[in-house]
1. Pick from ARG34, ARG198, ARG131: which residue has the top mean-square fluctuation in a GNM of the chain where Cα pairs under 10 Å get a spring?
2. Would you mind telling me the share, in percent, of accessible area of the range 64-119 contributed by carbon and sulfur at probe 1.4 angstrom?
3. As an exercise, identify the GluC sites (Glu not before Pro) in the range 1-60 lying in DSSP coil whose Cβ has no more than 11 other Cβ atoms within 10 Å.
4. Nearest 500 deg cm²/dmol is fine: what mean residue ellipticity at 222 nm does the chain get from its DSSP H runs of n ≥ 4 alone, each adding -39,500 (n - 2.57), divided by its residue count?
5. Could you work out, for the range 124-207, what percent of all Cα-Cα pairs fall into each 10 Å distance bin, beginning at 0 Å and stopping at the bin that holds the largest distance?
6. For the range 70-172, what is the convex hull volume of the alpha-carbon atoms per residue, in Å³?
7. Taking Rh as the Kirkwood radius computed over C-alpha pairs, what is the Stokes-Einstein D of the range 162-215 at 20 °C in a medium of viscosity 1.002 mPa s, expressed in µm² per second?
8. Please compute the per residue accessible area over the chain with all protein chains in place, 1.4 Å probe, rounded to a whole number of Å².
Amino acid sequence: ARQAREDHWTHEDFLQEVLATEITSREVSAVRHRLREARFPETKTLDTFDFKAVDGVDAALVAALARGEWISKAENVILAGPIGTGKTHLAIALGVEATRQRRRVAFWRVADLVRVLVEARDTRDLTRLHRRLERMDLVVLDELGFVPFDRTAGGLLFNLVTERYEKRSILVTTNLAFSEWPKVFGGDEKLTAALLDRLADHATVITTKGKSYRL
């Protein structure tokens, strides 16, 4: 208002500036809300990722993924490779980019999600949990393969993936080759094959290589 008086703005100019400021404020608030809702363990961004330190990661491909068209198309991303090669960093960074586009994102370590799914089943709250996850444009499943689980838990995770197939996007990070996935799912090769079939269909697979960046 002070600037408008000093610069002799018209009423229309003043109104335009007020509304533009309000729109910007709401956009910033919406992004902040999406970030809190995602529950990332920490905030990682693409501009802090050292592409030169990790083999197998195409910066141009990651930049294309950051634009989010794959989420609009309900496609998936799988980041596979050794421990410490930047998979979780990339997963969080792509999730952060999605929140900046005002998309709804949920970050889960796979072991934590499976535990919550089992607890929800036992308390007959599984339907409500699935509905909450269905509203997410992107679910990030981090560290598949670190903790194996039994066939029942594997079935619950399979149902979640099936419900999102061709409807909503999933991003998975794993330190295992696809051939090793059955040992995570209680040795159930049929269930694992069906789950992989749904995840890998319409998916971009990025394989990181090299030694641990942290080491």
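1. ARG131
2. Exposed carbon and sulfur together represent 48 percent of the surface.
3. GLU42
4. It comes out at -15500 deg cm²/dmol, rounded to the nearest 500.
5. 16, 53, 29, 2
6. Taking only Cα atoms, the range 70-172 has a hull volume of 91 Å³ per residue.
7. Approximately 167 µm²/s, per Stokes-Einstein.
8. Details: 12330 Å² over 215 residues.
Heavy-atom SASA per residue in the chain reads 57 Å².
The values are calculated or read from the model by the stated rules, or taken from the named source; none is laboratory data. These numbers were taken from a predicted model, which means no experiment stands behind them. Here Cβ is always computed from backbone atoms with ideal geometry, including for glycine, and neighbour counts include all displayed protein chains. Just so you know, the surface numbers come from the protein's heavy atoms only, side chains and all, with ligands and any DNA or RNA stripped out. Shrake-Rupley method; radii C 1.70, N 1.55, O 1.52, S 1.80 Å.
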